[in-house]
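S.K.: Provided herewith is a single structure, encoded as structure tokens, for subsequent inquiry.
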Amino acid sequence: MATVIARNAALLGVRCRACGTLQPADTRYVCAECMGPIEPEYDTAALARDGTRARIQSGPQTLWRYAPLLPCAPAPGAWPTGWTALVPVPRLGAALGIDDLWIKDDTRNLTLSFKDRPVAVASARAVEQGCTALACASTGNLAGSVAAAAARLGLPAYVFVPAETEPAKVMAAATYGATVVRVNGSYDRVNRLCATLADDRSSWGFVNFTLRPYYAEGSKTMLFEIAEQNGWRLPDHVIVPVGSGALLTRTATAAAQLVATGLVPETPMRISAAQPAGCAPVSDAILDDWRAVRPVREAKTIAKSLAIGAPADGDGSVAVVKRTGGSAASVSDEDIVEACSLAARTEGISVEPAGGTVVATARALARRGVFRKNERVVLYLTGNGYKQGAAESLPLGPAIAPDVDEFLAAYPQARA
Ligand SMILES: *Cc1c(COP(=O)(O)O)cnc(C)c1O
Ligand SMILES: [Zn+2]
């Protein structure tokens with residue numbers, strides 16, 4: 001029972017980033033010639049002639065409005081995903097010393113993280129290939145997103161997470177009926193386990209491994225939306241949290257495709273990387289004079305979503321940041337907690353520590369004088385604080401009797 005999903009007619013195939021060969025977009029997930037990483041390639045010249053902007057604007061209010069630049073159509077019945085808000089945050093900007101600061105709010109995506117974007121595309125591709133199950137190695141958010149997508153599509157899900165993953169994220173995945181496998185070891189060990197399992201389970205779709213070329217395509221939609229919401233113009237600067245580096249590298253791919261199809265004018269956009277000091281292989285390589293990425297053996301940070309010691313797109317991320325004139329910071333857990341609280345208190349947005357990492361990076365770059373006057377800066381806020389707050393507990397005032405005098409005695413600041 002093969003479900004027919006429309007292939008994008010503009011999809012030319014997959015091109016190897018190592019040897020450059022263009023190959024058919026079949027079930028391969030690495031280059032058939034050299035095992036290098038492959039990426040879908042589109043006929044951007046045809047799209048440029050084709051009234052693509054009008055087609056996008058009359059499309060659904062989901063990430064699938066960018067179907068001309070995605071490899072396949074959505075899986076039938078999949079939940080609507082993406083098209084989250086781009087919002088100015090002047091109070092946070094003032095606190096950080098940034099003139100024109102905006103956030104892309106993926107804390108309010110389908111399962112409360114940006115992972116719904118790559119999963120939307122990877123799961124559609126899994127249905128197209130006739131996969132019998134969805135699987136993934138996850139630092140937490142991907143597990144919930146894959147579990148929800150699999151439930152909706154009627155497929156079993158096997159999600160593998162480090163045993164130390166935040167309980168709220170593990171429970172979210174379990175709630176959707178996934179088989180949640182907690183593994184004693186780092187994310188990189190979990191990843192290797194999945195690679196071994198994938199060897200003799202060709203009918204399972206490992207979304208961030210055997211479906212990775214398609215998974216990563218979903219990450220492009222974050223910048224597609226930002227550009228459209230910004231009046232079909234690239235912002236001057238985006239700050240991107242880095243785990244595997246898929247989101248950061250595909251932000252650059254997305255910008256290049258928007259320009260190649262004539263959807264936005266060619267204007268410079270700097271891309272900067274945000275990582276926690278306890279696991280900052282990419283930021284450290286950038287700050288250490290653009291050297292090669294060295295794997296981090298033992299990640300130790302509150303920002304568990306970003307705790308990937310050997311990022312698949314690590315060197316690619318360094319190259320993108322360098323090429324676009326961006327920068328990086330690796331920020332302490334203390335600064336991350338403070339930044340989560342700052343975003344919440346100044347703008348009413350609750351972010352998980354990955355978001356705090358981005359806010360703290362913006363502060364570090366502002367102090368270093370990286371931003372120019374009136375530069376439009378967009379922060380990628382990729383995960384919700386309701387899943388995992390940064391603060392274990394906050395000091396609360398006393399509980400009181402339902403009595404006005406007792407209230408005013410305990411909270412004198414509220415006196416009229
Ligand atoms: C996975 C994740 C990231 C990093 O994405 P990569 O594409 O792996 O670099 C950032 N923020 C959150 C909240 C995540 O879950
Ligand atoms: Zn190759």
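The values are calculated or read from the model by the stated rules, or taken from the named source; none is laboratory data. Quick caveat: nothing in here was measured; it's all calculated off a predicted structure. Cβ coordinates were reconstructed from backbone atoms using ideal geometry, including for glycine residues, and neighbour counts include every protein chain displayed. Surface accessibility is based on the protein's heavy atoms, side chains included, excluding ligands, DNA and RNA. Shrake-Rupley method; radii C 1.70, N 1.55, O 1.52, S 1.80 Å.
S.K.: With respect to Gly355, determine if the residue is open to solvent by 10 Å² or more (accessible area, probe 1.4 Å), within 16 Å of ligand 1 (Cβ to nearest atom) and touching a helix residue (DSSP H, G or I) at 6+ places or on another chain (Cβ under 9 Å).
M.R.: no
S.K.: Inspect all residues belonging to the stretch 20-27 and state whether any of them is in contact (Cβ under 8 Å) with a residue 24 or more places away in the chain and either of a type outside the set (Ser, Thr, Tyr) or in the same structural domain as Val121 (by TED's automatic domain parsing) (or both).
M.R.: Within the stretch 20-27 (the criterion being in contact (Cβ under 8 Å) with a residue 24 or more places away in the chain and either of a type outside the set (Ser, Thr, Tyr) or in the same structural domain as Val121 (by TED's automatic domain parsing) (or both)), the answer is yes, since at least one residue qualifies.
S.K.: For residues that are in contact with a helix residue (DSSP H, G or I) (Cβ under 7 Å, 6 or more places away or on another chain) and open to solvent by 10 Å² or more (accessible area, probe 1.4 Å), scanning just the stretch 117-140, find the one that is modelled with the lowest pLDDT.
M.R.: Looking at the filtered set, the residue picked out is Thr139.
S.K.: Determine which single condition Val190 fails, assuming it passes every other condition in (1) in contact (Cβ under 8 Å) with a residue 24 or more places away in the chain; (2) open to solvent by 10 Å² or more (accessible area, probe 1.4 Å).
M.R.: (2)
S.K.: Go through (1) part of a loop (DSSP other than H, G, I, E, B); (2) more than 16 Å from ligand 1 (Cβ to nearest atom); (3) buried (at least 19 other Cβ atoms within 10 Å of the Cβ) for Pro68 and report which single condition fails.
M.R.: Failing condition for Pro68: (1).
S.K.: Now, a different point. State the number of residues belonging to the stretch 31-68 that are in contact with a Lys or Arg (Cβ under 7 Å, 6 or more places away or on another chain) and in contact (Cβ under 8 Å) with a residue 24 or more places away in the chain.
M.R.: Count: 7.
S.K.: Which is touching a Lys or Arg at 6+ places or on another chain (Cβ under 8 Å), outside the structural domain of Gly389 (by TED's automatic domain parsing), surrounded by fewer than 24 Cβ atoms within 10 Å (Cβ to Cβ) and more than 26 Å from Ala312 (Cβ to Cβ), of Trp79, Trp102?
M.R.: Within the list Trp79, Trp102, the selection yields Trp79.
S.K.: Now for a separate question. Going residue by residue through the stretch 113-121, is there one that turns out to be in contact (Cβ under 8 Å) with a residue 24 or more places away in the chain, under 17 Å from Phe224 (Cβ atoms) and small (Gly, Ala, Ser)?
M.R.: Yes, that holds for at least one residue.
S.K.: Another question, then. From the residues in the stretch 287-315 that are within 14 Å of Val240 (Cα to Cα) and in a helix (DSSP H, G or I), which one is farthest from the chain's Cα centre (by Cα)?
M.R.: Gly314
S.K.: State all residues of the stretch 149-167 that are buried (at least 24 other Cβ atoms within 10 Å of the Cβ) and of a type in the set (Gly, Ala, Ser); if no residue qualifies, say none.
M.R.: Ala149, Ala150, Ala157 - these are the residues of the stretch 149-167 that are buried (at least 24 other Cβ atoms within 10 Å of the Cβ) and of a type in the set (Gly, Ala, Ser).
S.K.: Then there is this: Would you pick out the residues in the stretch 35-51 that are open to solvent by 60 Å² or more (accessible area, probe 1.4 Å) and either in contact with a Leu (Cβ under 6 Å, 6 or more places away or on another chain) or assigned to a loop (DSSP other than H, G, I, E, B) (or both)?
M.R.: Met35, Asp50
S.K.: Can you find even one residue in the stretch 354-368 that is within 30 Å of Gln275 (Cβ to Cβ), in a loop (DSSP other than H, G, I, E, B) and assigned by TED's automatic domain parsing to the domain that holds Ser332?
M.R.: Yes, there is a match, as at least one residue in the stretch 354-368 is within 30 Å of Gln275 (Cβ to Cβ), in a loop (DSSP other than H, G, I, E, B) and assigned by TED's automatic domain parsing to the domain that holds Ser332.
S.K.: Let me ask another. Between Thr21, Thr44, which is of a type in the set (Ser, Thr, Tyr) and over 22 Å from Ala122 (Cα atoms)?
M.R.: Within the list Thr21, Thr44, the selection yields Thr21.
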